[in-house]
Amino acid sequence: MTMTKRDVVGLWFSEIWDAGNIAVLDDLLAPTLGEDDQIYSGMASRKELPLLVEVLRRLIGPMKTEILVYLEDGEWVSVYYRTNGTGEEGHKPVQVENLLMFRFDQGLIVDLISRIDSLALFEQLGQLPPDTLMGCFSGQSLIWK
């Protein structure tokens, strides 16, 4: 049975990100994607994607993704979604809303455009001070230790 685009997107979140099942990548990504092709808005190439998943899962902790808005137009799918995690070692809950666009060819993902709210994520993880964006708008500079 052929999967719909919605099915593929659902597996992208539930299997790869929520469950950490990297083996599913080969079932969802088109074989035309080369190992060095940038597919995640410059954050990762095809071969680096498993490492990106591992690092974010380690930072965010066990996660659950909820699709808030799903739009489909031809070969493109746009998803606005929320990721909830327990935080590193389960100490501090994390909740981030993001946008991800998928381009499909013959039912498989050939391109990803991602806009992750990295600022909110890293503030919640304690890696940036609270209200970093407001501080930047005030003209303040971040001083690294």
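The values are calculated or read from the model by the stated rules, or taken from the named source; none is laboratory data. Every value quoted in this text rests on a predicted model; they were computed, and no experiment measured them. Note: ideal-geometry Cβ built from the backbone for every residue, glycine included; neighbour counts use all protein chains shown.
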Return the total of residues in segment 1-26 being over 18 Å from Asp111 (Cα atoms), of a type in the set (Gly, Ala, Ser) and touching a residue at least 40 places away in the same chain (Cβ under 8 Å). 1
Failed item, numbered, when Arg115 is tested on (1) of a type outside the set (Ser, Thr, Tyr); (2) surrounded by 14 or more Cβ atoms within 10 Å (Cβ to Cβ); (3) touching a residue at least 24 places away in the same chain (Cβ under 8 Å): (2)
Out of (1) more than 26 Å from Phe122 (Cα to Cα); (2) among the β-branched types (Val, Ile, Thr); (3) within 12 Å of the chain's Cα centre (by Cα), what's the single condition that is false for Thr83? (1)
Could you count how many residues in segment 83-94 are surrounded by 14 or more Cβ atoms within 10 Å (Cβ to Cβ) and either in contact with a strand residue (DSSP E or B) (Cβ under 6 Å, 6 or more places away or on another chain) or farther than 15 Å from Arg57 by Cβ (or both)? 5
Across segment 63-94, what is the total count of residues that are touching a residue at least 40 places away in the same chain (Cβ under 8 Å) and closer than 15 Å to Ala19 by Cβ? 4
Of the conditions (1) closer than 16 Å to Leu33 by Cβ; (2) exposed (fewer than 14 other Cβ atoms within 10 Å of the Cβ); (3) modelled with pLDDT of 95 or more; (4) not aromatic (Phe, Trp, Tyr), Lys47 clears all except one; give me its number. (3)
If you scan segment 118-145, which residues turn out to be buried (at least 17 other Cβ atoms within 10 Å of the Cβ) and part of a helix (DSSP H, G or I)? Ala120, Leu121, Glu123, Gln124
Which condition from (1) more than 15 Å from the chain's Cα centre (by Cα); (2) among the hydrophobic types (A, V, I, L, M, F, W, C); (3) at pLDDT 95 or above is the one that Val9 breaks? (1)
Can you tell me which residues in segment 55-82 are exposed (fewer than 14 other Cβ atoms within 10 Å of the Cβ) and either of a type outside the set (Asp, Glu) or in contact with an Asp or Glu (Cβ under 9 Å, 6 or more places away or on another chain) (or both)? Val55, Arg58, Pro62, Lys64, Leu68, Val69, Leu71, Gly74, Glu75, Arg82
Restricting the search to segment 3-29, which residues are among the polar types (S, T, N, Q) and within 21 Å of Leu71 (Cβ to Cβ)? Thr4, Ser14
